[in-house]
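Everything on this sheet refers to the single structure shown next.
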Amino acid sequence: MTITPTKTLSVSIERKANEVYEFILNPENLPQWAPAFGQSIKKI
C-alpha cells in the first residue's frame, strides 16, 4: 500500500457562515475557492 503525504491548510474568512455557505454552494464559484478541483465549469 502506498501512503500519500497530505497537507492541511486553513484560512480565516471575515464573513458570516451563511454568506460563505451560499458562495461555496454555487458550483460556478468552484474555480475561485477550489482551483485544484474546478478548473472550468460547464452547464449541461
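Scanning segment 1-17 for residues that are of a type in the set (Lys, Arg) and either touching a residue at least 60 places away in the same chain (Cβ under 8 Å) or surrounded by 10 or more Cβ atoms within 10 Å (Cβ to Cβ) (or both) yields a total of 1.
Each residue in segment 2-44 was checked for being at pLDDT below 90, β-branched (Val, Ile, Thr) and out of contact with any helix residue (DSSP H, G or I) (no Cβ under 9 Å at 6 or more places or on another chain), and 2 of them qualify.
The values are calculated or read from the model by the stated rules, or taken from the named source; none is laboratory data. Here the structure is a predicted model, which is why all the values come from computation and not from measurement. FYI the Cβ positions are ideal-geometry reconstructions off the backbone, even for glycines, and counts take in every protein chain you see.
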